[in-house]
Amino acid sequence: MVDLVARYGIDLEAEVNGARLLLGEGLEFCVARWNNPEFTKVLGEELDAYRGATITPELDRELMNRAIAKTIIKGWKGVELEGQALEYSWDNAFKILAHPQLQDLRAQIVAFAQNVDNYRLRVTQRT
């Protein structure tokens with residue numbers, strides 16, 4: 001017999017408030033799960049502002065970055081940007097996400113947020 005919650009249960013708090021993405025050298029992001037209710041709401045609001053308009057790929061990326069900054073990146077430790085310590089704020093999160101030289105980091109954060117295994121009870125209880 002397999003206890004389904006033990007095997008597949010999601011940490012509902014980590015889903016919205018974030019799980020730890022450890023990147024080494026003291027760099028850590030707190031990352032909420034992709035498509036969590038807050039993300040879905042904010043992305044919908046961002047898109048509603050442009051209802052009926054043509055959304056270019058650039059605007060689509062900007063709207064997505066705003067939603068990620070507001071609802072997926074929940075905090076960080078050890079972040080510097082171009083030699084300056086960077087305190088967590090959603091404005092600074094947006095700055096990181098939009099930075100042309102940090103697109104691989106953006107992709108890593110998104111991939112972490114989309115990986116359900118990062119939000120399983122059995123995983124989050126260990127960290």
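Counting only DSSP H runs of at least 4 residues, each contributing -39500 (n - 2.57), and dividing by the residue count of the chain, the helix-based mean residue ellipticity at 222 nm comes to -14000 deg cm²/dmol. Each of 36, 1, 17 was scored by the projection of its Cα onto the charge dipole of segment 1-54, and the greatest displacement toward the positive side belongs to 1; charges sit on the C-beta of Lys, Arg, Asp and Glu. Taking GluC sites (Glu not before Pro) across segment 1-57, the ones in a DSSP loop with at most 11 further Cβ atoms lying within 10 angstrom of their Cβ are 25. Between residue 17 and residue 40, full extension at 0.36 nm per residue minus the direct alpha carbon distance yields a gain of 6.8 nm. The charge dipole of the chain, taken about its Cα centre with unit charges on the Cβ atoms of Lys, Arg (+1), Asp and Glu (-1) only, comes to about 360 debye. Applying a DSSP loop filter and a limit of 10 other Cβ atoms within 10 Å to the trypsin sites (Lys or Arg not before Pro) in segment 72-127 leaves 126. In summary, the aspartates and glutamates within cross-link reach of residue 74, defined as a Cα separation below 17 angstrom excluding same-chain residues under 8 places away, comprise 11, 13, 15, 28, 38, 87, 91. Think of the chain as a dipole: +1 on every Lys or Arg Cβ, -1 on every Asp or Glu Cβ, centred on the Cα centre; then among 118, 89, 57, 118 lies furthest on the positive end.
For the chain, the longest principal axis of the alpha carbon atoms and the long axis of helix 103-114 meet at an angle near 40°. Under the criterion of Cα pairs below 8 Å and six or more residues apart, the relative contact order for segment 24-100 equals 41 percent.
Laboratory data are not the source of any read-out in this text; all were calculated from the coordinates shown. Please read these numbers as outputs of a predicted model, since none were measured by experiment. Methodologically, a virtual Cβ is constructed for each residue, glycine included, from the backbone with ideal geometry; neighbour enumeration extends over all protein chains shown.
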